[in-house]
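Participant: Dropping the structure in here first, questions after.
Please treat every number below as a calculation from the coordinates, not as lab data. Note that the structure is a prediction, hence the values are computed from the model and not measured. Neighbour counts are summed over all protein chains in view; Cβ atoms, including those assigned to glycine, are modelled from backbone coordinates with ideal geometry.
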Amino acid sequence: MTSLPVVVVGGGPVGLAAAAHLLERGLEPLVLEAGQGPGAAVASWGHVRLFSPWRFDVDDATARLLAPTGWTAPDPESLPTGNDLVDVYLTPLATKTPLADRIRYGTRVVAVARQGADRTRSVGRERRPFLVRTVEPGGQVTDVLARAVIDASGTFGQPNPIGTAGLPAVGETEAAGFLTGPLPDVLGRDRARFAGRHTLVVGMGHSAANTLLSLVELAEAEPATRITWAIRGATARRLYGGGEADELPARGLLGTRLRAAVDAGRLELVTRVTVDRLVPDGDVVHVTGTGRRDGADGELDLTVSAIVNATGFRPDLAMLSEIRLDLDAVVQAPAKLAPLIDPNLHSCGSVPPHGEAVLAHPEEGFYLAGMKSYGRAPTFLLATGYEQVRSIAAALAGDQSAADAVELALPETGVCSSDRAQDADDAASSAAACCGTAPGPELVTLGVGAPAGADDGGAGATRRDAGSGAPGSAGPEGREPVVAGAKAGFATGVAHGRSGDPVD
Ligand SMILES: Cc1cc2nc3c(=O)[nH]c(=O)nc-3n(C[C@H](O)[C@H](O)[C@H](O)COP(=O)(O)OP(=O)(O)OC[C@H]3O[C@@H](n4cnc5c(N)ncnc54)[C@H](O)[C@@H]3O)c2cc1C
């Protein structure tokens, strides 16, 4: 079995970093990537600017691999777009280093199993290699054997449906052509799809905010452009950040600009939305359900040309049905990691570094890493993923003490700051200050702990297992685990994720 490669599923930033760490440890990686090039998922949102500066976006082992090629690291303080990440970092990494011969593109993994043993068979299981089933675009099926598997295939390919209850709305499948995905290039490639038309944006994360602000900018040039924003909750406070009710001292500028646009009437916000039914009708789609406008609940009945489904992502677990996973029932992340990232309880400032011990499953030698390891939680950061795969590679190489010595050098402020994103966008486009008064720069502070005794605010979020077996010590039942060391996450403006929302 030791002659077999460690298969890495996905050639995104974390998958390629995993391969680099494996190589450094003397293990043979084989990266299987569904797309036609490195960072295929990142490329699909290439027009979006990251909020983390370069110094948090490049993995150390990959930098060491790149160094002999004459690669020079970008300005550590500047903010790349997704395209920059692919062009300046991932492409040289995947083409000019020893990884080049160890990546297969156009190779989609459809299943992982143990060779000759289904999920129920225990005897000698750990001595059997993994069987990784792949399909190429032409339909050719190939089974690859592996000594271990790191699934870093992300979640970008699996957006959540827009219907409530986690299920598609009636007619959502038939109306698929009207769904744009979470991050259409509104001001570039996809402009014609939105200009002078009515668009419904569903969701309340950073993808929705990015797209809404682009639509607002488009509407300035194309006044017939109409924007409706639908959220499930009673308020957009969590995305706006800041304001008197906020528990963090500062907030992401995205939210501030979005609130200014809503207040200025540049888009219509409908709260408490349920989308029940979609009915395609020529080049428009009718959207019906319920929602609250101007403080009154009522029917939702919209006719739009496009629906931006920015409702988050979920992991593809079907391909792992023969693997013995230990996943959290809420987050669908590894059970020991989930209490630290549950979006009901956490937002910016609450994710400690973690490694192999937290990511291990009953299936020895199998790991989820990167975005996929966060299951349905939206707060994943590249720097966190790079530390995950450093630790996993060390464990696979038999160096458990290095695997257990997890560390992540993140400052108390900076990773979540979006003032620099604003500066960069302003430099790139004078039209960036599209939403009225340009707010001043604001740094988002990390490391704000949860007030002791905070409950779930009626969101049903209290966890009985918070922190069990995970890094840091767990607080009392129902409280956020108290963690030591650096923490990182998206700036959401409140310390407690959804539990800070009003009760529905
Ligand atoms: C718009 C946006 C902005 C973000 N900004 C930041 C930021 O500023 N800072 C930060 O730290 N993080 C940011 N993130 C979060 C996160 O770091 C990124 O999503 C990052 O791309 C995750 O890397 P990954 O390698 O885990 O997954 P991905 O980048 O999603 O890569 C997964 C790869 O696996 C491939 N794949 C998928 N399924 C299969 C399969 N079955 N078989 C084979 N290959 C498969 C995909 O084609 C893809 O190339 C952002 C995310 C988004 C969406």
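Participant: Put a dot 7 Å past each Cα toward the Cβ at residue 167 and residue 401; how far apart are the dots in nm?
Facilitator: Taking the simple label geometry, residue 401 and residue 167 are separated by 5.5 nm.
Participant: Residue 28 to residue 67: extension gain in nm, 0.36 nm per residue of separation minus the Cα-Cα distance?
Facilitator: 12.0 nm
Participant: Which far-off residues, 5 or more places away or on another chain, put their amide H under 5 Å from the one on residue 28, with H placed in the peptide plane?
Facilitator: Those lying under 5 Å, H to H, from residue 28 are 6.
Participant: What does the highest-first list of 28-35, 387-394, 6-13 look like by mean Cβ count within 10 Å?
Facilitator: 6-13, 387-394, 28-35
Participant: Give, as a single signed number, the net charge of other residues whose beta carbon lies under 11 Å from the beta carbon of residue 301, with Lys and Arg counted +1 and Asp and Glu -1.
Facilitator: Spelling it out: positives minus negatives among the neighbours equals -1.
Participant: Need one number: nm distance between label points at residue 324 and residue 136, each 7 Å from Cα along Cα→Cβ, rounded to one decimal.
Facilitator: That separation, rounded to one decimal, is 3.5 nm.
Participant: Considering amide H positions built from the backbone, and no H for Pro or chain starts, which residues 5 or more places from residue 229, or on another chain, come under 5 Å of its amide H?
Facilitator: 201, 268, 269, 270
Participant: How large is ³J(HN,Hα), in whole Hz, for each residue of segment 215-230 in order, when computed from phi with the Karplus curve 6.51 cos²θ - 1.76 cosθ + 1.60 and θ = phi - 60°, using x for Gly and Pro?
Facilitator: 5, 4, 5, 4, 5, 5, 7, 10, x, 6, 5, 10, 10, 10, 10, 10
Participant: Taking H placed 1.01 Å from N in the peptide plane, check which residues at least 5 places from residue 312 or on another chain put their amide H under 5 Å from its amide H.
Facilitator: 160
Participant: I've got another one for you. Considering just Cα atoms, how many Å³ per residue does the convex hull of segment 164-309 enclose?
Facilitator: That works out to 112 Å³ per residue.
Participant: What share of Cα pairs, in percent, lie more than 21 angstrom apart in segment 83-197?
Facilitator: Tail fraction, whole percent: 65.
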